[in-house]
Amino acid sequence: MFPEGVTINALTGEVTPSTGEYTKRLSEFRRIYRDIKALDDLISAGDLVTYKVVEYRAEGSDIFFGTTTMMPGRVGAEYFMTRGHYHARRDRGEIYYTQSGQGILLLQTRDGETREIDMMPGTCAFIPPDWAHRSINTGETPLVFVWCCNQDAGHDYAEIVTKGMRMLVMEKDGVSTCVPNPNFTV
Ligand code: M6P
Ligand code: ZN
């Protein structure tokens, strides 16, 4: 392993050099958004990419990092968001350092604590071990953030997909508002 300077474009999320990437489209979010009709209408109109994740991973390293670039938009009153996850390893945290755009990072524990952190350029959010996290683009431009965590952290999506998150971020009169999720199941 050797040290390396990696260039990150704060407006596009481009990582140079990068070792992998993927995109997520609206059709992959049928169990995530509440407004099924709005989601189906959007998918029929053209199945948009809502976010892209690019990574830099050195084989054998303990940590890795990358960017997530989230497009602006909404499904009904809900802004475009990530799936949201706990880490498979409960002793692994993460950081999210916002480069451009604006958003909200929703966090929760298994025993009912919730937090919201405003994502804006310059904010580095500390995500402690075993806090589920979901990012939401509440702005009108792409939300770009750098993340860094352990390579062995892993993703545990099942809990959030089946139960949802305790809080939702909805657009109301042009403003983003955090509200309790009426469908959250303990
Ligand atoms: C961040 C990191 C990634 C994660 C991505 C998208 O970039 O935490 O590990 O995959 O967000 O979030 P999700 O996987 O919940 O859709
Ligand atoms: Zn994570």
* To do: Kindly establish whether Val161 is within 16 Å of ligand 2 (Cβ to nearest atom), within 12 Å of the chain's Cα centre (by Cα) and of a type in the set (Val, Ile, Thr).
  => no
* To do: Determine which single condition Asn150 fails, assuming it passes every other condition in (1) touching a helix residue (DSSP H, G or I) at 6+ places or on another chain (Cβ under 7 Å); (2) surrounded by 14 or more Cβ atoms within 10 Å (Cβ to Cβ).
  => (1)
* Within segment 146-158, which residues are within 13 Å of ligand 2 (Cβ to nearest atom) and within 15 Å of His85 (Cβ to Cβ)? -> Trp147, Cys149, Asn150, Asp152, Ala153, Gly154, His155, Asp156, Tyr157
* Asked: Within the bounds of segment 134-147, is there any residue that is surrounded by 14 or more Cβ atoms within 10 Å (Cβ to Cβ) and farther than 18 Å from Thr50 by Cα?
  -> no
* Asked: Name the residues in segment 61-71 that are assigned to a strand (DSSP E or B) and not polar (S, T, N, Q), would you?
  -> Ile63, Phe64, Phe65, Gly66, Met70
* Asked: Among the residues of segment 170-178, is any surrounded by fewer than 20 Cβ atoms within 10 Å (Cβ to Cβ), more than 22 Å from Val54 (Cβ to Cβ), out of contact with any helix residue (DSSP H, G or I) (no Cβ under 9 Å at 6 or more places or on another chain) and β-branched (Val, Ile, Thr)?
  -> yes
* Looking only at segment 138-171, count how many residues are within 12 Å of ligand 1 (Cβ to nearest atom) and in a strand (DSSP E or B). => 9
* Mind listing whichever residues of segment 3-60 are hydroxyl-bearing (Ser, Thr, Tyr), assigned to a loop (DSSP other than H, G, I, E, B) and over 21 Å from Pro142 (Cα atoms)? => Thr19
* Working only within segment 57-88, note down all residues that are among the aromatic types (Phe, Trp, Tyr) and within 16 Å of ligand 2 (Cβ to nearest atom). => Phe64, Phe65, Tyr86
* Being acidic (Asp, Glu) and touching a residue at least 24 places away in the same chain (Cβ under 8 Å) is the filter; apply it to segment 89-145 and report the residue that is nearest to ligand 2 (Cβ to nearest atom). => Glu94
* To do: Give me the pairs, please: first residue somewhere in segment 13-32 and on the phi < 0 side of the Ramachandran plot, second residue anywhere and away from ligand 2 (no atom under 16 Å from the Cβ) and among the acidic types (Asp, Glu), beta-carbon distance under 6 Å, and either six or more positions apart or on two chains.
  => Arg25/Asp47; Leu26/Asp47; Ser27/Asp47
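Coordinate-derived values only; no laboratory data. Being a predicted model, the structure only gives us computed values, none of them experimental. All Cβ positions, even for glycine, are placed from backbone atoms using ideal geometry, and neighbour counts span all protein chains on display.
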